[in-house]
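Comments concern the structure below.
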Amino acid sequence: MFITFEGIDGSGKSTQANFLKNQLQNDGYDVILLREPGGTIISEKIRDLVLNHRASSVSPLTEALLIASSRYQLVNEIILPALKKNTIVICDRYIDSTIAYQGYGRGINICWLNEINKYSLMHANPELTYLFDLKVEDSMLRIKNKNKDRIELEGKDFLSKVRNGYLKLAKNSKRFILLNAMDSPEKLKNKVYNYYLNKKNENF
Ligand code: TYD
């Protein structure tokens with residue numbers, strides 16, 4: 001199974017992705033947890049360029065293409081071979097981040113982004129996506145003291161567009177599970193696992 005975790009900054013998705021990975025390993029499965037952008041040597045270098053490059057401005061299109069290149073490498077080098085071996089793949093952010101951040105956030109044409117995603121995905125489509133939703137104000141509070149990356153520095157209006165974009169995506173696709181990121185980590189952990197079990201039973 002291919003599972004992705006999505007949400008605006010500070011939503012706690014990375015913690016929950018880790019919980020699910022540990023749970024599934026305890027259940028006896030082979031599991032890998034990846035993050036995007038990143039996950040391969042070259043993709044981590046692209047991550048550094050996209051998130052830490054402050055020397056000059058980075059155009060939205062450059063940002064989108066760099067992220068797509070990083071994804072293409074990750075899909076070919078890690079995700080597809082893992083899925084072939086029946087390893088469960090969990091990815092902290094994936095295609096929906098591109099639609100939410102570069103599409104709804106930066107204003108890049110979404111049809112065009114979908115087209116690019118089609119090439120970089122090679123049919124590696126997630127079957128289950130958890131969206132951790134929280135208000136922009138709560139997100140800002142949670143990341144207040146964090147050393148922010150280039151995209152996190154964009155601020156409230158940008159984040160608000162990203163959040164609304166995510167909510168639209170979740171409304172239009174059955175693979176999404178919408179969760180309230182303000183719930184306690186323990187409650188969220190149980191929900192995430194139970195939704196996974198439901199999905200697994202559906203697949204049988
Ligand atoms: P994040 O996953 O939140 O990592 P950390 O917990 O280390 O802050 O940060 C990744 C950043 O990359 C986040 O600001 C969103 C951005 N991003 C995009 O803009 N588009 C994408 O397609 C992806 C995968 C990430």
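The values are calculated or read from the model by the stated rules, or taken from the named source; none is laboratory data. Predicted, not measured: the structure shown is a model, and the values here were computed from it. As a convention, Cβ positions derive from the backbone with ideal geometry for all residues, glycine included, and neighbour counts pool all protein chains shown. Ligands, DNA and RNA are excluded from the accessible area calculation, which covers all protein heavy atoms including side chains. Shrake-Rupley method; radii C 1.70, N 1.55, O 1.52, S 1.80 Å.
Among the residues of the stretch 131-160, which ones are within 20 Å of ALA64 (Cβ to Cβ) and either touching a Gly at 6+ places or on another chain (Cβ under 6 Å) or aliphatic (A, V, I, L, M) (or both)?
If the condition is that a residue be within 20 Å of ALA64 (Cβ to Cβ) and either touching a Gly at 6+ places or on another chain (Cβ under 6 Å) or aliphatic (A, V, I, L, M) (or both), then ILE151, LEU153, PHE158, LEU159 are the ones that fit.
Quick check on the stretch 111-130: of everything there that is within 13 Å of the ligand (Cβ to nearest atom) and of a type in the set (A, V, I, L, M), which residue is farthest from ALA64 (Cα to Cα)?
Going through the qualifying residues, I end up with LEU121.
Pairs under 8 Å by beta carbon, first residue at pLDDT below 85 in the stretch 139-156, partner open to solvent by 30 Å² or more (accessible area, probe 1.4 Å) and away from the ligand (no atom under 12 Å from the Cβ), six or more apart or different chains?
ARG150/HIS53; ARG150/ARG54
Is it true that some residue in the stretch 15-30 is in contact with a helix residue (DSSP H, G or I) (Cβ under 8 Å, 6 or more places away or on another chain), within 13 Å of the ligand (Cβ to nearest atom) and open to solvent by less than 60 Å² (accessible area, probe 1.4 Å)?
There is at least one residue in the stretch 15-30 that is in contact with a helix residue (DSSP H, G or I) (Cβ under 8 Å, 6 or more places away or on another chain), within 13 Å of the ligand (Cβ to nearest atom) and open to solvent by less than 60 Å² (accessible area, probe 1.4 Å).
Tell me which residues, restricted to the stretch 169-204, are hydroxyl-bearing (Ser, Thr, Tyr) and either in a loop (DSSP other than H, G, I, E, B) or surrounded by fewer than 13 Cβ atoms within 10 Å (Cβ to Cβ) (or both).
Narrowing the stretch 169-204 to residues hydroxyl-bearing (Ser, Thr, Tyr): 173, 184, 193, 195-196.
Once the filter is applied, which keeps residues that are hydroxyl-bearing (Ser, Thr, Tyr) and either in a loop (DSSP other than H, G, I, E, B) or surrounded by fewer than 13 Cβ atoms within 10 Å (Cβ to Cβ) (or both), the stretch 169-204 yields SER173, SER184.
Between a first residue in the stretch 43-54 that is closer than 16 Å to ARG93 by Cβ and a second residue that is assigned to a helix (DSSP H, G or I) and away from the ligand (no atom under 11 Å from the Cβ), which pairs have beta carbons less than 6 Å apart while being 6 or more apart in sequence or on different chains?
Listed pairs, sorted by first residue: SER43/GLN73.
For THR98, work out the one condition from (1) free of Cβ contacts under 8 Å to residues at least 40 places away in the same chain; (2) surrounded by fewer than 21 Cβ atoms within 10 Å (Cβ to Cβ); (3) within 15 Å of the chain's Cα centre (by Cα) it doesn't fulfil.
Answer for THR98: the failing condition is (2).
What's the number of the only condition in (1) in a loop (DSSP other than H, G, I, E, B); (2) at pLDDT 95 or above that THR4 fails to meet?
For THR4, the exception is condition (1).
Suppose we filter ILE8, ILE41, ILE46 for residues that are farther than 23 Å from LYS85 by Cα and more than 10 Å from the ligand (Cβ to nearest atom); which single one remains?
On the way: ILE8 fails: more than 10 Å from the ligand (Cβ to nearest atom); ILE41 fails: farther than 23 Å from LYS85 by Cα.
Going through ILE8, ILE41, ILE46 in turn, just one is farther than 23 Å from LYS85 by Cα and more than 10 Å from the ligand (Cβ to nearest atom): ILE46.
Do you know which of the residues in the stretch 31-50 that are over 29 Å from SER184 (Cβ atoms) and among the aliphatic types (A, V, I, L, M) is surrounded by the fewest Cβ atoms within 10 Å (Cβ to Cβ)?
ILE41
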